[in-house]
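Values quoted throughout were computed directly from the atomic coordinates according to the rules given, and no laboratory measurement underlies them. Bear in mind the structure is a predicted one, so any value in this text is a computation, not a measurement. Cβ atoms come from the backbone with ideal geometry, glycine included; neighbour counts cover every protein chain shown.
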Amino acid sequence: MKILFSPSENKSKTNTQTCINEDSFVFSNLYSKRLEVLTKYKNHIKQCNEGELEKFFGIKDINEMQELTQDIITKDTNKAIQRYNGVAFEYLDYENLNEDSRKYIDENVLIFSNLFGPILAKDLIPYYKLKQGEKIKYFNIEKFYKDNFSNEVDKFLENELIIDLRAKFYEKFYTIKQPFITLTFLKNSKTLSHFAKAYRGKILRVLASKDVHNKETLLENLPNELKIKEIKIQGLKEEIVLDIVS
């Protein structure tokens with residue numbers, strides 16, 4: 001089983017390892033492509049004024065802005081699953097999983113970073129900011145990663161059961177080409193962003209803590225407040241629609 005996941009805007013500043021290198025990432029044969037993106041990111045930052053940086057990073061704190069303009073390639077790193085600490089990652093609560101569950105996450109969760117592209121949960125990344133939807137001048141990051149990494153991701157996912165827990169924005173980075181499962185979370189018949197993020201984290205925790213490798217085991221171990229409303233199949237996608245009843 002492989003799980004596709006989104007990053008978060010919020011990130012921890014904790015570091016455990018030195019700067020990135022070829023061994024920091026899955027698909028190490030494409031490390032030069034990641035460096036190409038990081039070089040464009042660095043050059044873009046150098047050309048921005050303060051107002052443009054506020055928008056690009058999504059922050060207003062001057063001290064943090066100065067920190068973020070430092071060379072990203074020489075910064076210390078941490079595992080991606082520990083770097084991201086937004087709502088979904090809070091509900092996953094990786095730190096309090098046992099060793100086997102953490103290994104399950106490390107090896108099977110592919111996070112689609114809007115700067116680093118598709119990375120495993122265990123891959124090492126520095127602290128950074130790039131507000132979702134912001135652009136580097138004359139460069140389409142989503143298209144670049146889709147064009148250059150899709151073949152490797154295809155091979156990584158081949159013959160696996162795929163659970164796609166990405167937010168819609170991150171579908172731009174990669175299109176799944178084999179059958180996959182998605183989960184939709186409804187509260188009073190509406191999709192609400194905060195609830196969706198929280199339950200993506202909760203579902204990922206279930207998958208890891210129960211060592212789930214098939215759909216049946218997942219559905220048997222859903223959180224008590226989730227009830228299956230319907231299952232829809234459209235093309236390669238099997239969408240499990242869940243009501244939050246608490």
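Condition check: in contact with a strand residue (DSSP E or B) (Cβ under 9 Å, 6 or more places away or on another chain) and surrounded by 13 or more Cβ atoms within 10 Å (Cβ to Cβ). Does Ile59 satisfy that?
So Ile59 does not fit the description; no.
For the condition over 25 Å from Asp164 (Cα atoms) and not polar (S, T, N, Q), what is the one hit in Phe5, Phe57, Phe25?
Criteria check complete, one pass: Phe57.
Return the residue satisfying two criteria in turn: it lies in the stretch 206-227 and is crowded, with 20+ Cβ neighbours inside 10 Å and closer than 16 Å to Thr182 by Cα, and of such residues it is farthest from the chain's Cα centre (by Cα).
Filtering the stretch 206-227 down to residues crowded, with 20+ Cβ neighbours inside 10 Å leaves 207-208, 212, 218, 226.
Checking which are closer than 16 Å to Thr182 by Cα leaves us with 207, 212, 218, 226.
Numbers: Leu207: 16, Val212: 19, Leu218: 20, Leu226: 23 Å.
Only one residue tops the list, namely Leu226.
Condition first: closer than 15 Å to Val206 by Cα and small (Gly, Ala, Ser). Now tell me which residues in the stretch 67-125 satisfy that. Before the answer, list the steps.
Filtering the stretch 67-125 for residues closer than 15 Å to Val206 by Cα gives 88-106, 108-109.
Passing the criteria: Ala88, Ser101.
Looking only at the stretch 119-142, decide whether some residue is assigned to a helix (DSSP H, G or I), touching a Leu at 6+ places or on another chain (Cβ under 8 Å) and closer than 17 Å to Lys13 by Cβ.
Among the residues of the stretch 119-142, not one is assigned to a helix (DSSP H, G or I), touching a Leu at 6+ places or on another chain (Cβ under 8 Å) and closer than 17 Å to Lys13 by Cβ, which makes the answer no.
Could you go through the stretch 109-117 and let me know if any residue there is over 18 Å from Ser8 (Cβ atoms), in contact with a strand residue (DSSP E or B) (Cβ under 7 Å, 6 or more places away or on another chain) and touching a residue at least 12 places away in the same chain (Cβ under 8 Å).
no
Can you tell which of Ile228, Ile176, Ile203, Ile163 is among the β-branched types (Val, Ile, Thr) and over 26 Å from Leu115 (Cβ atoms)? Give the derivation first.
Values: Ile176 fails: over 26 Å from Leu115 (Cβ atoms); Ile203 fails: over 26 Å from Leu115 (Cβ atoms); Ile163 fails: over 26 Å from Leu115 (Cβ atoms).
Answer to the selection: Ile228.
Can you tell me which of (1) polar (S, T, N, Q); (2) in contact with an Asp or Glu (Cβ under 8 Å, 6 or more places away or on another chain); (3) over 23 Å from His44 (Cβ atoms) is the one Gln132 doesn't meet?
The number of the failed condition is (3).
Considering only residues that are surrounded by fewer than 19 Cβ atoms within 10 Å (Cβ to Cβ) and either hydroxyl-bearing (Ser, Thr, Tyr) or on the phi > 0 side of the Ramachandran plot (or both), which ones fall in the stretch 62-84?
Scanning the stretch 62-84 gives Thr69, Thr74.
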